[in-house]
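A short worksheet on the structure shown next.
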Amino acid sequence: MPAITPKEEFKVWPVGHTHYRHENEILDLPQDWEFVPSGDALLTRRLKASGTYWLVLTRYKNKISSCGLCVPKAVRAEAQARINAERADPKYQKKLEASREYRAKKETEYADTFEQAIFQFLNFAPRWRSLAQKLAHAVATHATPVGSGTVARTKRIPIEQRAQAALIAWMRHQTTSYDQMDIGRAKGERREVRHMLAAKSRNILEKYRSGEDFDFEHDPLYRALT
């Protein structure tokens with residue numbers, strides 16, 4: 001078995017039930033080792049702290065991520081036993097509940113902040129203020145939950161840009177026929193369609209910002225919200 005040092009993760013790809021690929025080499029999983037899937041963050045941290053593990057990688061839509069670890073069975077058993085004992089302690093449960101409440105509070109605060117950022121970007125005329133509030137709430141409710149996978153969950157761009165992108169994405173699905181479109185597989189074609197629909201969405205928003213009269217009852221945004 002290749003040497004493993006605590007300073008460097010040994011990354012492998014699954015190629016069978018007990019076989020893994022490291023670079024150009026196929027490795028057999030040692031008999032006294034086992035695969036531990038991702039899901040228990042505390043267990044994963046403890047196993048990594050042992051310094052003896054393989055990091056099992058997977059690829060989905062060109063994104064590489066970890067799907068678990070391969071570790072000695074004895075190391076996993078010892079770590080799991082300690083974690084079970086800790087979790088059985090009432091103090092741990094109290095701490096866990098406090099942590100959940102804190103995260104829930106922070107998520108609620110973020111959703112409110114995100115909704116306000118959308119509302120400010122909309123900047124609808126006074127006559128459409130209630131519609132803007134409804135739209136901002138609908139987009140924030142869809143985009144901010146943990147695990148939603150939307151642009152609202154990224155930290156790489158300012159919240160103002162996140163709010164704008166989430167709004168345009170929501171309008172693309174709710175006010176256009178994007179989901180029913182038969183888009184080709186040519187490179188860049190889907191991006192061009194999105195850019196075209198985004199331009200139409202911005203034109204719709206401008207009508208509500210201007211305050212001028214228009215046939216709003218047949219407007220796709222108005223119909224989507226009412």
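Quick notes on this one:
- A single member of HIS142, HIS137 is assigned to a helix (DSSP H, G or I), over 19 Å from ARG202 (Cα atoms) and touching a residue at least 12 places away in the same chain (Cβ under 8 Å), and it is HIS142.
- Scanning the range 24-80 for residues that are among the acidic types (Asp, Glu) and more than 18 Å from PRO14 (Cα to Cα) yields ASP40, GLU78.
- Number of positions in the range 87-136 that are within 19 Å of ILE157 (Cα to Cα) and among the β-branched types (Val, Ile, Thr): 2
- Checked against (1) surrounded by 11 or more Cβ atoms within 10 Å (Cβ to Cβ); (2) more than 29 Å from GLY147 (Cα to Cα); (3) in contact with a helix residue (DSSP H, G or I) (Cβ under 9 Å, 6 or more places away or on another chain), ASP32 passes all but condition (1).
- Scope the range 149-178; condition in a loop (DSSP other than H, G, I, E, B) and loosely packed, with under 13 Cβ neighbours inside 10 Å; matching residues: GLY149, THR154, LYS155, ARG156, ILE157, PRO158, SER177
- Residue check, ASN24 under 30 Å from GLN164 (Cβ atoms) and of a type in the set (S, T, N, Q): no
- Any hit, the range 81-102, residues being touching a strand residue (DSSP E or B) at 6+ places or on another chain (Cβ under 8 Å), in the same structural domain as SER50 (by TED's automatic domain parsing) and at pLDDT 95 or above: no
- Exactly one residue out of ILE26, ILE64 is in contact with a Leu (Cβ under 6 Å, 6 or more places away or on another chain), surrounded by fewer than 16 Cβ atoms within 10 Å (Cβ to Cβ) and at pLDDT below 95, and it is ILE64.
- Checking the stated criteria, ARG82 turns out to be over 30 Å from THR141 (Cα atoms), basic (Lys, Arg) and out of contact with any Phe, Trp or Tyr (no Cβ under 7 Å at 6 or more places or on another chain).
- Answer residue from the range 179-215, given it is polar (S, T, N, Q) and within 26 Å of the chain's Cα centre (by Cα) and is surrounded by the most Cβ atoms within 10 Å (Cβ to Cβ) among those: SER201
The values are calculated or read from the model by the stated rules, or taken from the named source; none is laboratory data. Everything numeric in this text was worked out from a predicted model, so none of it was measured. No Cβ is skipped: glycine too gets one built from the backbone with ideal geometry, and neighbour counts run over all protein chains shown.
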